[in-house]
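The values are calculated or read from the model by the stated rules, or taken from the named source; none is laboratory data. Bear in mind the structure is a predicted one, so any value in this text is a computation, not a measurement. Virtual Cβ from ideal backbone geometry, glycine too; neighbours counted across all protein chains shown.
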Amino acid sequence: MKFCVVGSGIIGLSTASELLAQYPSADVTIVSDKFGEDTTSNGAAGIFRPGGGFSVVGDTTGAIRKTWLKDSWDYYNAVCASSEAPSLHGIKSVSGYMFSSESDLTKNDLLSDVVPTYRSATEDELKICPGDWKYGSYFLTLVVDSQFHLKYLRAKIDGRVKIYQTKLNNFKELGKYDYIFNCTGLGSKWLCADDKVVPIRGQVYKVKAPWIKMFFYSNSDTYIIPGMNTVTLGGTRQFDNYNLQVDPHDSAGIWERATQLLPNLKRSDIVREWVGLRPYRDGGVRSELEIIKDGSKQLKVIHNYGHGGYGVTFAPGSCKYSVKTFTESHRGIWKLWRSKI
């Protein structure tokens, strides 16, 4: 059976890896116009932290979201605890604080149900960083440094998949495949004519600050997250903004906010600035099977896109769900239908 995975970010590579893990003899092809450093995933800070507003289409009870999160945590935690070097897989355990003037911003029931430690900050801890912080939380989680983990996933599947770098304009170009996994993120806006997909622009600094061992958040858009070799300072959340150029006004704002939160960052060395477009989808992640008619043929497309800024967090779980969707469809458990966006 022939499979095509469209997209090579964290969702695409995780899908190919999961597919081969469950079906080792599968004939898998990856088609994408961007790979590695050119993907949005590559620049992500990669902290395992779901947003409270993250949702999945049709998941009225939140059960699918919880399953994805737990499956993702179990996967990343297992890799982190394995004998493989962190310099290969890019995953490490990290603890830190979230401070805010609003109590709701420091609560995360989704995350607290999964991670080993999640508690309110003490009065003394609220004074760790400058600022008159009223509320705070401390938790232990993981950082998945995508620059490393994308290479790790690619190494796992290299030699077992075919790779084609090209821009896909229509799923009908893939008529020779039995199943297609759509992992194109923001590209689904055009490939699927899905107007619910909107970019949320993010801009960050990557700096050398090896003394930073913990993460820090203040309110919603200021964060300091240590990766494998650099620390990410952010950020911005600009809805429906397609600008991929570094904005000097954003740069100044990010630097000011980050160094106010941790003044010793002023002596860090700037490695680069980076801009990415988070693939947000109004109404939630689209994760479903669609049948597209192409003359006498029927193309089976399994969609998995619209994760916004939480692609790294939910990648393993959502991709496991996509492969399960294939399994149940192929076995005839699901009734095939033409889905509606």
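Report whether or not G308 is crowded, with 19+ Cβ neighbours inside 10 Å, small (G, A, S) and under 12 Å from the mean Cα position of the chain (by Cα). Spelling it out, G308 is indeed crowded, with 19+ Cβ neighbours inside 10 Å, small (G, A, S) and under 12 Å from the mean Cα position of the chain (by Cα).
Within segment 219-256, track down each residue that is at pLDDT below 95 and either surrounded by 16 or more Cβ atoms within 10 Å (Cβ to Cβ) or in a helix (DSSP H, G or I) (or both). The answer is N219, G235. Screening the candidates S101, S95, S82 for the property of being without any contact (Cβ under 8 Å) to a residue 40 or more places away in the chain and either under 20 Å from the mean Cα position of the chain (by Cα) or surrounded by fewer than 18 Cβ atoms within 10 Å (Cβ to Cβ) (or both) yields one hit, S82. Look at segment 16-44: where a residue is closer than 19 Å to S318 by Cβ and a partner is of a type in the set (K, R) and in a loop (DSSP other than H, G, I, E, B), sitting 6+ places away or on another chain with Cβ atoms under 8 Å, you get L20/R160; V28/R160. Exactly one of these conditions fails for R154: (1) more than 14 Å from F3 (Cβ to Cβ); (2) buried (at least 22 other Cβ atoms within 10 Å of the Cβ). Give me its number. Among (1) more than 14 Å from F3 (Cβ to Cβ); (2) buried (at least 22 other Cβ atoms within 10 Å of the Cβ), the lone unmet condition for R154 is (2).
Only one entry in S329, S268 is within 19 Å of I224 (Cα to Cα) and either without any contact (Cβ under 8 Å) to a residue 40 or more places away in the chain or hydroxyl-bearing (S, T, Y) (or both), namely S268. How many residues, within segment 257-301, are in contact with a strand residue (DSSP E or B) (Cβ under 6 Å, 6 or more places away or on another chain) and at pLDDT below 95? Selection size over segment 257-301: 1. For segment 183-213, taking the residues that are in a loop (DSSP other than H, G, I, E, B) and among the small types (G, A, S), the one that is nearest to G227 (Cα to Cα) is identified as A209. When V143 is tested against (1) free of Cβ contacts under 8 Å to residues at least 60 places away in the same chain; (2) aliphatic (A, V, I, L, M); (3) buried (at least 18 other Cβ atoms within 10 Å of the Cβ); (4) part of a strand (DSSP E or B), exactly one condition is not met: (1). Here V161 fulfils each of the conditions (1) closer than 24 Å to G227 by Cα; (2) buried (at least 17 other Cβ atoms within 10 Å of the Cβ) apart from (1).
Could you go through segment 195-212 and let me know if any residue there is buried (at least 19 other Cβ atoms within 10 Å of the Cβ), closer than 22 Å to P50 by Cβ, touching a Pro at 6+ places or on another chain (Cβ under 8 Å) and modelled with pLDDT of 95 or more. For segment 195-212, residues buried (at least 19 other Cβ atoms within 10 Å of the Cβ), closer than 22 Å to P50 by Cβ, touching a Pro at 6+ places or on another chain (Cβ under 8 Å) and modelled with pLDDT of 95 or more: present.
Take segment 279-295 and flag every residue that is of a type outside the set (D, E) and more than 19 Å from F314 (Cα to Cα). Before you say what the answer is, go through the steps one by one.
Of segment 279-295, the ones of a type outside the set (D, E) are 279-281, 283-287, 289, 291-293, 295.
Selection gives I291, I292, K293, G295.
Restricted to segment 117-129, and to residues there that are polar (S, T, N, Q) and part of a loop (DSSP other than H, G, I, E, B), the residue that is farthest from R49 (Cα to Cα) is T122. Annotation note: Cβ proximity below 6 Å between a residue of segment 127-139 that is touching a residue at least 24 places away in the same chain (Cβ under 8 Å) and surrounded by fewer than 17 Cβ atoms within 10 Å (Cβ to Cβ) and a residue that is of a type in the set (S, T, N, Q) and outside any strand (DSSP E or B) (sequence gap 6+ or interchain) occurs for K134/S101.
When each of L289, L277, L299 is tested for being surrounded by fewer than 21 Cβ atoms within 10 Å (Cβ to Cβ) and under 18 Å from Q238 (Cα atoms), the lone residue that passes is L277. Of all residues in segment 154-165, none that is at positive phi has its Cβ atom under 9 Å from the Cβ atom of a residue that is surrounded by fewer than 11 Cβ atoms within 10 Å (Cβ to Cβ) and aromatic (F, W, Y), 6 or more apart or on another chain.
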